[in-house]
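Asker: Mind having a look at this structure? Questions to follow.
What follows is calculated from the coordinates using simple rules that are stated; it is not laboratory data. Since we're looking at a predicted model, the values are computed, not measured. Please note: Cβ atoms are built from the backbone with ideal geometry, for glycine as well, and neighbour counts cover all protein chains shown.
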Amino acid sequence: MQSRRETLKQSAVVAGLLAGTGLFPGYALAFNAPAFDAKSLADAFRGLGITAPQASKDVSITAPDIAENGAVVPFAAATTLGGVKQILFLVEKNPTVLIAAFNLTDNVEANVSTRAKMAQTSDVYAVAVLTNGRALFAKKEVKVTLGGCGG
């Protein structure tokens, strides 16, 4: 029986071979550097091509009111809207604002979760980007008592 480490190592080798031969889907290798390198909400939205995000009750965000350890803060976002192509998590006062981007299809339920580092108390945004170009968001303030990342 293979150990988990050996299985992961073999999977990485296969993925590398597929990418090298061009058989790996191109969108899997896509990375939006301007959005992920953004230092402000406006820059992140500009990098993502979002012009006027709107607050909406159709998007929900779940996060703790108080994060006692800023190194590992859980976030979740969900929406029942159809045509969601992307769900984003942004932390306004983090050194890099955009912390996660999930690309979705109509075959996937728009319900995602992740964990991230937070440097300080901040508003956290969950943004649902629809196929028609609209961007809807929900936000919540998360208080951090012990910082998780510098800067």
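Asker: So which of K93/K117; K85/K117; K93/K140; K9/K117 end up more than 22 Å apart by C-alpha?
Answerer: Pairs exceeding the cut-off: K85/K117; K9/K117.
Asker: Measure off 7 Å from each Cα along the Cα-to-Cβ vector at L146 and N32, then give the distance between these two points in nanometres to one decimal.
Answerer: 3.4 nm
Asker: Report the FRET efficiency, 1/(1 + (r/R0)^6), for T121 and S56, where r is their Cβ-Cβ distance and R0 is 30 Å, rounded to 0.05.
Answerer: 0.80
Asker: Would you mind checking the stretch 47-76 for residues with the amide N under 19 Å from a putative spin-label position 7 Å along Cα→C-beta of N111?
Answerer: Counting backbone N atoms under 19 Å from the label point, the list is 57-64, 74-76.
Asker: Another question, if that's okay. Run the quick spin-label model on S3 and A76: label points 7 Å from Cα toward the beta carbon, then report their separation in nm to one decimal.
Answerer: With each label placed 7 Å out from Cα toward Cβ, I get 3.4 nm.
Asker: Also, quick follow-up: How big is the dipole moment of the stretch 78-151 about its Cα centre under a simple scheme where the beta carbon of each Lys and Arg is +1, that of each Asp and Glu is -1, and everything else is neutral? Debye, nearest 20, please.
Answerer: That gives a dipole near 160 debye.
Asker: Work out, step by step, the length gained on full extension between D43 and T131: first 0.36 nm times the residue separation, then minus their alpha carbon distance; give nm to one decimal.
Answerer: Taking D43 through T131 to full extension adds about 29.6 nm, to one decimal.
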